[in-house]
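J.: There's a structure below that I have some questions on.
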Amino acid sequence: MNAAIQVFRKEIIDALRDRKTLLIIALSSLLSVPAMLLVFSKVISDYETRDEQRVILVSGIEAAPQLRNSLERQTYTLREAPADYAQQLREGRLSNPVLAIPADFSTKLAQGEAPVVEIVFDHNNRDARLGVGKLHKLVDGYVSEQAFLLQALRGVAPAGLQTVIVDERDLASIKTGGDFQFTAMLPFLIIIAALSGSIAAAIDTTAGERERGSLESLLMNPVARASLVLGKWGAVACTGMLPVIGSVISCLAARWLIQNETLQSLFQFGILEGILFLFLLVPFAAELAALLMALAVRCKTLKEAQASCSVVIIALSLMPIATVFSPTGDPKWTLWVPGLGQQTLMNHVLKGESLTTVDVLIPVLVSLTLTAVCLIYVARYLKEVAACVLRAAFDGGEADDGVAVYAPEALGVERGFEFFQGAADQPLLVGRHHQGVFVGGLEKIHAVHRHHDDAAVRRGLYSL
């Protein structure tokens, strides 16, 4: 355990040296949520301001005086649409749909025919598209009013014509109400923050050290593989957890910066929600660290490791799409998918929905299991790398002068091999019955060896 702590301290110190990267990660995690809230606050305020103005763009309204009277009695202001309103709607320069009235509106209405009224908008223009429903209701209200007046003139009670009364009952809570479901973006934003904090450290501690040539030297130290891997993984996991904690703190702080009342009702993030977020995200950050290390450890260069780890970025970016077309909401299988399970439960937390113990434990256990599998894989691969380095050294491969190798008897690579700095021809006592000298350069190991059952011989590290 002491060895793992020493490796952890070494990796943390190395990570802290890259202050520019840490500063970017810290600032992005602390400022991303407030920036997002400011943007959505501006959008919601713009919509509320436009609704308060109660303005309707019309074309040819002079042909429908009764419709004008009906709309104005509901305190709406009618404004003539520009002549090129169709072009402006396509280009997004016009944010309201246009109510187009035909020139023969009154004539057809007097003849008992139904005139055609158009609501002109562009589906790609989101602002204009959102105002279509309001215009539909206003025109439908005018049609119903005219029908009731006509029946009243004929002596028919209007109430007798309405055989069914339709009323709406919205079951959505305050947190899930409204047209702006921006809260669904928050879990995805925090997950990406965890990934951005882990990926640089994971690549540097594996492929980066291998490219610099320091990984092989580190493997030659008398440190157990488990301690080495745990120390590196702990440092990477901590760098991934820092932006997660920063994002949760910024969520708590940003709540007090919201000035829009509608946005405050949609975003109710308190201490309890923050604790639940951390309970879900801390194991996920540990899982990301182990997974990124497992992908990067086999790479020999930083570019190769970055290409391998980009698969994780793409996968996390595409995961939310899996539930978009689900007719039953969030299916249970999403809880078993790393990343998607955390995002699903965090959305439930933001909606104010209750979570069961089983639902919470599933993604946590999946994260812990995947973490263990990845760490075992990394440890075994580093063991193979150490064996290859030793095999090359004992077979007379290139080495540095003045380095002596001590191979513990009958232990092989389980305990590793110790490198000592010393004179080139310094003899080292290897057990009770053998003595070896590592000369270095292009010369080979000269060993007096009489025990064929030695573990190093059985593993082919050197021959008799």
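J.: May I ask for the percentage of alpha-carbon pairs in region 54-161 that lie more than 25 Å from each other?
T.: When every Cα pair of region 54-161 is considered, 26 percent fall beyond 25 Å.
J.: Something else now. Which three numbers, in whole Å and largest first, are the semi-axes of the equivalent ellipsoid of region 246-313 derived from its Cα gyration tensor as √(5λ)?
T.: One finds semi-axes of 37, 14, 8 Å for region 246-313.
J.: Suppose the chain between residue 46 and residue 91 were pulled fully straight at 0.36 nm per residue; how much longer would it get relative to their current alpha carbon spacing?
T.: Going from the current span to full extension adds 14.3 nm.
J.: Report the full-extension gain for the segment residue 373 to residue 257: residue separation times 0.36 nm, less the Cα-Cα distance, to one decimal in nm.
T.: 37.5 nm
J.: Next question, about the same structure. Of 20/351; 42/332; 300/383; 232/351, which sit over 26 Å apart, Cα to Cα?
T.: 20/351; 42/332; 232/351
J.: Another question, then. Evaluate the distance, in nm, between pseudo-label points positioned 7 Å from the Cα of residue 66 and of residue 271 along their respective Cα→Cβ axes.
T.: Between residue 66 and residue 271, the label points sit 6.4 nm apart.
J.: Fewest first, what order do 168, 52 take by the number of other Cβ atoms within 10 Å?
T.: Ascending number of Cβ neighbours within 10 Å: 168, 52.
J.: Please give the FRET efficiency for residue 111 paired with residue 31, using the beta carbon to beta carbon distance and R0 = 51 Å, rounded to the nearest 0.05.
T.: With a Förster radius of 51 Å, E is 0.20.
J.: Can you tell me which of 127-134, 146-153, 336-343, 39-46 comes out highest on packing, and rank the rest after it, using the mean Cβ neighbours within 10 Å?
T.: In descending order of packing, they fall as 336-343, 127-134, 39-46, 146-153.
J.: Let me ask you something else. Give me the distance in nm between label points sitting 7 Å out from Cα along the Cα-to-Cβ direction at residue 380 and residue 164, one decimal.
T.: Output for this residue pair reads 6.4 nm.
J.: Suppose we keep just the DSSP beta bridges with both residues in region 54-161; what percent of those would be antiparallel, to 5?
T.: If I count the DSSP bridges inside region 54-161, around 30 percent turn out antiparallel.
J.: Please give, to one decimal in nm, the separation of the simple spin-label points placed at residue 38 and residue 129, each 7 Å out from Cα toward the Cβ.
T.: Between residue 38 and residue 129, the label points sit 2.8 nm apart.
J.: Quick one: length gained pulling residue 146 to residue 218 fully straight, 0.36 nm per residue minus the C-alpha distance?
T.: The span from residue 146 to residue 218 would gain 17.2 nm if fully extended.
J.: Something else about it: Give the calculated FRET efficiency between residue 185 and residue 136 to the nearest 0.05, with a Förster radius of 41 Å applied to their Cβ-Cβ distance.
T.: Efficiency for this residue pair is about 0.90.
No lab work stands behind these numbers, since they all come straight from the coordinates. In this text the structure is predicted, and so the values were computed from the model without any measurement. Because the Cβ atoms are built from the backbone with ideal geometry, glycine has one as well, and the counts that use them run over all protein chains shown.
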